[in-house]
Amino acid sequence: MMTIRAVVFDFGGVLFDWNPDYLYRKLINNEKERKFFFSHVCNSEWNIEQDRGRTWADAIAIKQAEFPEYSDLIAAFYSRWNEMLRGTLPDGVALMERLESANIPLYGLTNWSDETFPYAWEHFPLLHRFKDIVVSGRLGLIKPDPAIYQAMFERIHLTGLQPNELVFIDDVAKNAHAASQLGWHGIHHTNANETAKQLQQLGLKF
């Protein structure tokens, strides 16, 4: 039986309930306009660059120049960012706590802006229970770039650690797959029960 020596968690969609819609439902009543805003203005391609390390000031200026009619709504993406983070996902947190109780070392690897992560660090003590967390915005790298997984691997101080002794849980399939490509056990998280089953199949007892 193989030995799993540590579990690495993604945060958004696994442990945290983050969705821009929570804010913009309050700001844009018209659903069609809201869809346009998320497709063309503050879309995921634009937002991921903040996760890669682009400053919010630059990001907002770029979009305000492109869509001046949405200027205030674009600014709100950062100034009211905390309203997009509804809280934690109970099932994911329960799974994390079961692993923690079984003394399995836990780490975090997240695509997250360096400017917004401190809010989560301050308001969610759960984060302080991880042995280490790699935040993409601090490194200028984002999943699924292999380099960010390597950076995480190098920070897990377990003697003689091998890639196949690590599990990575992410709700984005391509991010889980990238971990598998490096020899880790990538789990595409769809729900906590399914993830727990896969962890148990890998020999983890919790």
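The values are calculated or read from the model by the stated rules, or taken from the named source; none is laboratory data. Treat the numbers as computed from the prediction; the structure is a model and nothing was measured. Cβ sites come from the backbone with ideal geometry, for glycine too, and all protein chains shown count toward neighbours. Ligands, DNA and RNA are excluded from the accessible area calculation, which covers all protein heavy atoms including side chains. Shrake-Rupley method; radii C 1.70, N 1.55, O 1.52, S 1.80 Å.
Taken together, the residues in segment 35-55 that are open to solvent by less than 30 Å² (accessible area, probe 1.4 Å), free of Cβ contacts under 8 Å to residues at least 60 places away in the same chain and not aromatic (Phe, Trp, Tyr) amount to 4.
For segment 22-34, the set of residues classified as touching a helix residue (DSSP H, G or I) at 6+ places or on another chain (Cβ under 8 Å) and either surrounded by 12 or more Cβ atoms within 10 Å (Cβ to Cβ) or modelled with pLDDT under 95 (or both) consists of Tyr22, Leu23, Tyr24, Arg25, Leu27, Ile28, Arg34, listed by residue number.
Just to verify a result, which residue in segment 86-117, among those that are farther than 30 Å from Ile60 by Cβ and without any contact (Cβ under 8 Å) to a residue 40 or more places away in the chain, is most open to solvent (accessible area, probe 1.4 Å)? First the steps, then the outcome.
Taking segment 86-117 first, the residues farther than 30 Å from Ile60 by Cβ are 90-107.
Those still in the list that are without any contact (Cβ under 8 Å) to a residue 40 or more places away in the chain too: 90, 97, 100, 103.
Details: Pro90: 97, Glu97: 74, Glu100: 62, Asn103: 133 Å².
If we take residues in segment 86-117 being farther than 30 Å from Ile60 by Cβ and without any contact (Cβ under 8 Å) to a residue 40 or more places away in the chain, then Asn103 is most open to solvent (accessible area, probe 1.4 Å).
Checking the stated criteria, Ala196 turns out to be surrounded by 14 or more Cβ atoms within 10 Å (Cβ to Cβ), of a type in the set (Gly, Ala, Ser) and touching a helix residue (DSSP H, G or I) at 6+ places or on another chain (Cβ under 8 Å). Remark: Gly53 falls outside the filter, which requires a residue to be modelled with pLDDT of 95 or more, assigned to a strand (DSSP E or B) and on the phi > 0 side of the Ramachandran plot.
Mind checking whether some residue in segment 114-127 is under 25 Å from Glu45 (Cβ atoms), in a strand (DSSP E or B) and modelled with pLDDT of 95 or more? Before the answer, list the steps.
Let us first name the residues in segment 114-127 that are under 25 Å from Glu45 (Cβ atoms), namely 114-120.
Among the residues that remain, those that are also in a strand (DSSP E or B) are: none.
Checked against the condition, which is being under 25 Å from Glu45 (Cβ atoms), in a strand (DSSP E or B) and modelled with pLDDT of 95 or more, segment 114-127 yields no hits at all.
When the residues of segment 132-146 are filtered to those that are under 17 Å from Val8 (Cβ atoms) and touching a residue at least 60 places away in the same chain (Cβ under 8 Å), the one that is surrounded by the fewest Cβ atoms within 10 Å (Cβ to Cβ) is Arg138. The residues of segment 153-179 that are farther than 16 Å from Val14 by Cβ, open to solvent by 40 Å² or more (accessible area, probe 1.4 Å) and among the β-branched types (Val, Ile, Thr) amount to a single one, Thr159.
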